[in-house]
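Just below is one structure, and these are the notes that go with it.
The values are calculated or read from the model by the stated rules, or taken from the named source; none is laboratory data. Since we're looking at a predicted model, the values are computed, not measured. Here Cβ is always computed from backbone atoms with ideal geometry, including for glycine, and neighbour counts include all displayed protein chains. We work out accessible area using only protein heavy atoms, side chains counted, and drop any ligands, DNA or RNA first. Shrake-Rupley method; radii C 1.70, N 1.55, O 1.52, S 1.80 Å.
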Amino acid sequence: MWTSMNLESLYRKVLDISQQHYTDSKYDESIDLYRIQDLYDCVNHNQIKSKEWLVAEAGYLLADDDKMCIIGAWYGVLSHMLRAETKCLIDNIDMDPYTKVIGERLVADLNPQPSWYLMDGVDRYIENKDWYTVLCSTSCEHIPPNRFFELMKARPDDTLVIAQSNNNESELEHLNIHESVNDLADQCMICDIYYSGSKEFQGINGKYERHMVIGK
Amino acid sequence: MNIIFVKEGPAYKAVHVNNLFKALRPYYPDARFICYTDDPKGVDIECIPLLYPLRKWWNKLVLFSKEFPAEGKCILFDLDIKVVRDPREYITNFHPLHTVSAYWKRDLPKYRIPHAFNTIINSSVLSWTNHKQTHIWEHFNTNRDYFMRKYRGIDGFIYNEKFNIRHHEDGILSRVESPLEGAAIESWNNVDFNEFGITVQKSA
C-alpha cells in the first residue's frame, strides 16, 4: 500500500541522487545540472498528486502476473509508486537516455525491479502488444495524435488501459491535449470503462484539468 | 534563394506574412517565398504544411530537417519584425547556420552563467544552406521533450547544445526594447507586437 512513509523514501532517494549528481559535476563539466531541476520536477506536487490518484484507482486492478508497459515513463516515479501495490512486471519506456541512469538508481532497492527501454514508447508497445497485459501512460498529451491513434488501434481488446492526459495548453511539449475525460476515453477506444474522472490542478500559468480513464 | 516564414497557431495572421512578403520582395525578386504553416488561409505565398506536430517557435527547427522541401540558400525571418531597409548586406553567409548575435545580452554576465542555460543568440533572422544543418534537427529529436523542458526556445537550444554557428554582422536587427540605430530590421522579440490593428502579446 502506498503511504506517506513510501513518499518520504522516494523523496530521500531523489535528494540523494541529486546530491550525487552535483558532486559528480564538480569533476566532470559535461554533467548537465538541469537534470537536478528536472528530477525535482518529476516529484513535484502535481506529479505526485496525479500518480497517487492513479495508484488509488488502478492499483487494485493489477495482478502480480500482469505485464505493464509505461509509455513516457520519465524517471520511473510511477513504477516506484506502483511497486507498493503489485509485484507485476513493469517496463518503463522513454526516449531520453538519461532517464535510465537516474531511474535505475531510484528503483534500485525495489523487488522485483522495474526495467527500462530507451526508445519510442509507441514502437515498443506495438512490437510487444500481445505480450503486455497493461498499457499505461500518464503523459498522453505528449504523444502526437496520429501516433496515439496507432497505439490504441494496435491494442488488443483484453488489454487494460490506464491513461492520463490534461487540457493544459501552456506547455509547448503538449501536442495532444484533451478537453474532457470523454475525449480521452474516445481516443483510447475504451469500450468498457472501469473508472473515469477529472481533477483540477494548479499550473504555472493557471488552473487546468487532468483526466484519467481506466478500462478495456 | 528561399525566404521562409513560420506561422503556427492563432497568434500571427496571414496579414503578417503577406506584409513581410511585400516588404522583402523588392530585395529578393527571384526568391522562392515559403510559409511553413498549419493554416494557409489568406496567405499570398506558397505554403508548406506542417511536417511534424510541434508548437510555436519549435517549428523553426523543422526547417533543418532533411524532409523540408527546399534547395540551396535559405533565410528565415520571424513574423514579429518590420523591414526598415535592405537587409542583404548583413545576410551574406549561408554556411554554417548564421544567427543574430543578441547585442542586448551578450555583454551581460548573467546571460553567460552556464547552468542557467540562457542564450546570447537570437533566431529572428537565420541563414543556412538547406539540408546542411540536418544534425540540428536530428539532435533535437534524440530527446525532444527534455530539450523543450530545458530551454525556453530554440535560441537556448542552439546556443547551449553547442552547434557550430556564426552570426550576422551587427546592424541586421534592432530590438525595440533596446534599439540599435540604423538597423535593417526591427524586432519585437518578447514585446507586444502591434501591427495592422492586431496585437500579438509577448511570447505568443
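Structural remarks
- Candidate set from the stretch A:52-101 (those that are under 19 Å from A:ILE17 (Cβ atoms), assigned to a loop (DSSP other than H, G, I, E, B) and out of contact with any Cys (no Cβ under 6 Å at 6 or more places or on another chain)); member that is nearest to the other protein chains (Cβ to nearest Cβ): A:ASP96
- Complete set of residues in the stretch A:102-122 that are buried (at least 16 other Cβ atoms within 10 Å of the Cβ) and outside any loop (DSSP other than H, G, I, E, B): A:ILE102, A:GLY103, A:GLU104, A:ARG105, A:LEU106, A:SER115, A:TRP116, A:TYR117, A:GLY121, A:VAL122
- Scan of the stretch A:148-172 for residues that are within 29 Å of A:TRP131 (Cβ to Cβ), touching a helix residue (DSSP H, G or I) at 6+ places or on another chain (Cβ under 7 Å) and either open to solvent by 50 Å² or more (accessible area, probe 1.4 Å) or not in a helix (DSSP H, G or I) (or both), ordered by number: A:GLU150, A:LEU160, A:VAL161, A:ILE162, A:ALA163, A:GLN164, A:SER165
- Checking A:LEU151, A:LEU172, A:LEU118 one by one, the residue that is of a type in the set (A, V, I, L, M), more than 14 Å from chain B (Cβ to nearest Cβ) and either out of contact with any Ser or Thr (no Cβ under 6 Å at 6 or more places or on another chain) or over 21 Å from A:LEU62 (Cα atoms) (or both) is A:LEU151 and no other.
- Number of positions in the stretch B:176-204 that are more than 12 Å from B:VAL125 (Cα to Cα), buried (at least 19 other Cβ atoms within 10 Å of the Cβ) and modelled with pLDDT under 95: 3
- Condition check for B:LYS7: touching a residue at least 60 places away in the same chain (Cβ under 8 Å) and either within 26 Å of B:PHE147 (Cα to Cα) or of a type in the set (Asp, Glu) (or both): yes
- A:MET1 closer than 26 Å to A:ILE214 by Cβ, touching a residue at least 40 places away in the same chain (Cβ under 8 Å) and exposed (fewer than 14 other Cβ atoms within 10 Å of the Cβ): yes
- Of the residues B:TYR103, B:TYR28, the single one that is touching an Asp or Glu at 6+ places or on another chain (Cβ under 8 Å), assigned to a loop (DSSP other than H, G, I, E, B) and either within 14 Å of another protein chain (Cβ to nearest Cβ) or not small (Gly, Ala, Ser) (or both) is B:TYR103.
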